[in-house]
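Everything on this sheet refers to the single structure shown next.
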Amino acid sequence: MAEAPQDKGKPDRPVRKKKGLIMVNTGDGKGKTTAALGVCFRAAGNKMKTLMVQFIKGNWKYGELEAAKKMDGFFEIHQMGEGFTWDTKNPERDKELCEKAWKFGYDAMVSGDYDLVVFDEINYVIDYNYLDVDKVVKGLKQKPEMVHVIFTGRNAHPKVVEAADLVSEIKEIKHPYKDQGIIAQRGIEF
Ligand code: ATP
Ligand code: MG
């Protein structure tokens, strides 16, 4: 991940403007997707149209899918992936899925139909060269002014960090699986 810029260009006085933010949740600790879901929950509660596009997950029974349905149409989740382990013997197919997920999210982002669009695990996908970072950053520049965007996933690309307004890194200190072999718990992981 890129180092935070030394000179953040902070103005002398706060700039009181409303603006759609580009946000990134990265780092090796658990909580990147969860934090994005928290923002979706908050936005949907404000009657903002919210979309999460999941690049890796597909056909998984997650609590958040059921919870999103209870948000009066303000929160949609689309699973565009085909599982956790892609068929690495077929990288072309994996790339195709990622391109499809990107196009889906991009179209939603520029459509003006959504106030917040989350690209879940896109950092990981870029890191694996399944999506071209320059294309993604160029796409972000097409974002309507007021639309908020969140990218999640480890190893955020420096060009994504540069394009973002807000970048948070979640650092692992302990994880129950790593430290104690404890498996995923309902309501916490899924
Ligand atoms: P979550 O979806 O729970 O917020 P995340 O988005 O931060 O997690 P991912 O990189 O998407 O993390 O990984 C998803 C899965 O991997 C989750 O089940 C999570 O518990 C697990 N995981 C995340 N970080 C770690 C870690 N440091 N060690 C072991 N497992 C991890
Ligand atoms: Mg995640």
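The values are calculated or read from the model by the stated rules, or taken from the named source; none is laboratory data. Worth saying up front: this structure is predicted, and the values here are computed from it rather than measured. In this analysis, Cβ positions are derived from the backbone assuming ideal geometry, glycine residues included, and neighbour counts consider all displayed protein chains.
Figures for the structure shown
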read-out: GLY112, sole failed condition from (1) at pLDDT 95 or above; (2) surrounded by fewer than 19 Cβ atoms within 10 Å (Cβ to Cβ); (3) within 28 Å of LYS47 (Cβ to Cβ); value: (1)
read-out: Residue identified as in contact with a helix residue (DSSP H, G or I) (Cβ under 8 Å, 6 or more places away or on another chain), more than 16 Å from ligand 1 (Cβ to nearest atom) and not in a strand (DSSP E or B) among GLY187, GLY139; value: GLY139
read-out: Unique match (being within 18 Å of LEU21 (Cβ to Cβ) and of a type in the set (D, E, K, R)) among ASP94, ASP179, ASP120; value: ASP120
read-out: Flag for ALA43 being surrounded by 12 or more Cβ atoms within 10 Å (Cβ to Cβ), under 17 Å from the mean Cα position of the chain (by Cα), modelled with pLDDT of 95 or more and part of a helix (DSSP H, G or I); value: yes
read-out: Scan of segment 21-30 for residues that are touching a strand residue (DSSP E or B) at 6+ places or on another chain (Cβ under 8 Å) and either within 11 Å of ligand 2 (Cβ to nearest atom) or farther than 22 Å from LYS143 by Cα (or both), ordered by number; value: ASN25, THR26, GLY27
read-out: Residue within segment 101-112 that is over 24 Å from GLY58 (Cα atoms) and part of a loop (DSSP other than H, G, I, E, B) present; value: yes
read-out: Which listed residue is part of a loop (DSSP other than H, G, I, E, B), surrounded by fewer than 16 Cβ atoms within 10 Å (Cβ to Cβ) and within 13 Å of ligand 1 (Cβ to nearest atom), from GLY29, GLY73, GLY81; value: GLY29
read-out: Test: residue in segment 156-169 that is under 19 Å from TRP60 (Cβ atoms) and within 16 Å of ligand 2 (Cβ to nearest atom); value: no
read-out: Yes/no for VAL137 being β-branched (Val, Ile, Thr) and under 21 Å from LEU51 (Cα atoms); value: yes
read-out: Those residues of segment 46-91 which are modelled with pLDDT of 95 or more, hydrophobic (A, V, I, L, M, F, W, C) and under 14 Å from the mean Cα position of the chain (by Cα), in sequence order; value: LEU51, MET52, VAL53, ILE77
